[in-house]
Amino acid sequence: MVLLLLSCSNKSDNNNSGPVSIPPVTAEITVLGNDIKQTIQGFGCATVFNPPNTTPLTSDEFDRLFGAANGQVGLNILRIRVATDDAWRLVELNYAKAAIQRGARVIATPWSPPPAMKTNNNLVGGSLIPDSGAAYAKYLNDFANYMAANGAALYAISVQNEPDIQVTYESCSWTADEMRVFLKNHGHLITNTNVMAPESFNNNQNYVNTILADDAAAANLDIAGGHIYGSGIVENQLAKNKGKEVWMTEHLDTDTSYTASLNTTVEIHDCLAKANFNAYIWWYGKRFYGPIGQDGIVTKRGYVISHFARFIKPGSIRLGTTENSLSGVYVSAYKNGNKKIVVAINIRGTEVKQKISFQDATISEVIPYATASGSNVLEGAKITAAYNSFVHSLPPYSITTFVEQ
């Protein structure tokens, strides 16, 4: 690869000067091949309900969301709703089948238990009647059995969507202690799939840790799930100590500007590289702010998400890195078998000449894929590494994924 170095023009003897170019700034980071971090389970989106002015997903749109070819997003997790009515269950079942056919896993979240199990006999608000715990666990297990029996086995089922916030739509309130007691006393009755909880709206660590601190409750929990509305991109050491994966299962940003899309990539970086989450799941797959728009076409946000989703396959391991020598450039590294993948996000307004070195690991050739305001996952020329390092110029306000060949 030829690096274009920009230099300032010198004044001539007659004081005429040419245009002044800003040289790229330089940065260095080292990927630590022996610093093994978390396993990445994947990236996903939700169907759930029917957003306004949005038509049902088509086969082509499922291809765009869950395919990993050029021009596709590469997602591999679908989040559906545990609906209380048969009509919606059939809709979600068909969506789940379509995702599974494309290699995805499916997780299911209830927005409310059946009204008869609740204190207010209503899908909106209220809480679970205390002596309905066993019946509710059976209800969740029966849903998992229904999905499996109809060709769409779940990877996990949640206990409740956002139990710690009061809203005016389908919902149910749970205190942290109520969920702890439910999992402790009845979680073992959910046998047809993995169990996820608590899906707090802001990944409230006190809420999560109330459950995890109880060994009997934690024994019936497989995945600690949470959302990051307002806060929550933090590592949960207790979950790590108890061998529980942590999944970010919902977030959205309705701003569709390129700056907001680039901010989404920083958010994913932080979820993976700072909080050590195992999965990242966007809200609606098809929405004006989603990975595909209401016209069914991949959006800018979809393309930037694909920099992670297309290339970091489920089962990949994140590798530690040193701190980058330049602020405003976020770099994370992964390995899938012997193949290494590096994602570099440049939020600076200048080109950055980024050096990426590997310690205790080898690298020979990589292909860069870059997205900027005017391009989408553009494949670049092959880069040949020297002494297990390479240099590449990152455009201003861009994301580049390097994939080992």
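None of the figures in this text is laboratory data; all of them are computed from the coordinates on show. Since this is a predicted model, take the numbers as computed values, not measurements. Backbone-built Cβ (ideal geometry, glycine too); neighbour counts: all protein chains shown.
Indicate the gyration tensor shape class of region 151-193 (rounded, prolate or oblate), computed on the Cα atoms with a ≥ b ≥ c the square roots of the eigenvalues: a/c under 1.5 is rounded; otherwise a/b larger than b/c is prolate and the rest oblate. Note, shape of region 151-193 comes out oblate.
Secondary-structure-derived ellipticity at 222 nm for the chain, considering helices only, amounts to -6500 deg cm²/dmol, per-run term -39500 (n - 2.57) for DSSP H runs with n ≥ 4. Once the Cα atoms are used to define both axes, helix 133-149 deviates from the longest principal axis of the chain by about 60 degrees. Spacing of the modelled spin labels on Gln405 and Asn338, each 7 Å from Cα toward Cβ, amounts to 1.6 nm. The Ser257 and Asn194 beta-carbon pair, evaluated with R₀ = 56 Å, returns a calculated FRET efficiency of approximately 0.90. Placing R0 at 60 angstrom, the Cβ-Cβ distance between Glu379 and Gln166 gives a FRET efficiency of 0.80 after rounding to 0.05.
As a calculated quantity, the FRET efficiency between Leu238 and Asp131 at R0 = 30 Å, using C-beta atoms, amounts to about 0.50.
Which part of region 168-206 falls in the paramagnetic zone of Ser231, meaning amide N under 13 Å from the point 7 Å along Cα-to-beta-carbon? In region 168-206, the label zone of Ser231 (backbone N under 13 Å from the point 7 Å along Cα→Cβ) covers 201-206. Annotation: the residues Cys45, Cys271, sorted from fewest to most other C-beta atoms within 10 Å of their own C-beta, follow the order Cys271, Cys45. Given their separation in residues at 0.36 nm each and the Cα-Cα distance between them, Asn120 and Val266 gain 48.4 nm when the chain is fully extended. The local environment of Lys118, defined by Cβ-Cβ distances under 13 Å, has a net charge of -3 under the rule Lys, Arg +1 and Asp, Glu -1. In plain terms, the residue of Phe66, Phe49, Phe311 with the fewest other Cβ atoms within 10 Å comes first and the most crowded comes last, giving Phe49, Phe311, Phe66.
Under 13 Å from the Cβ of Ala217, count the other residues' Cβ atoms, weight Lys and Arg +1, Asp and Glu -1, and hand me the total. Computed value for this residue: -1. Overall, the chain carries a charge dipole of about 740 debye about its Cα centre when +1 sits on the Cβ of Lys and Arg and -1 on the Cβ of Asp and Glu, all other atoms neutral. Spacing of the modelled spin labels on Ser327 and Asn53, each 7 Å from Cα toward Cβ, amounts to 4.0 nm.
Summary value for region 42-314: 21 percent relative contact order, contacts being C-alpha pairs under 8 angstrom separated by 6+ residues. For Ile399, Ile305, the sequence from fewest to most other C-beta atoms within 10 Å is Ile305, Ile399.
Taking 0.36 nm per residue of separation and subtracting the current Cα-Cα distance, fully stretching the chain between Asn70 and Thr175 would add 33.3 nm.
In the chain, one over the average inverse separation of all distinct C-alpha pairs is 22.4 Å, which is the Kirkwood hydrodynamic radius.
Could you work out how far helix 300-309 tilts from the main Cα principal axis of the chain, as a 0 to 90 degree angle to the nearest 10? On a 0 to 90 degree scale, this one is about 90.
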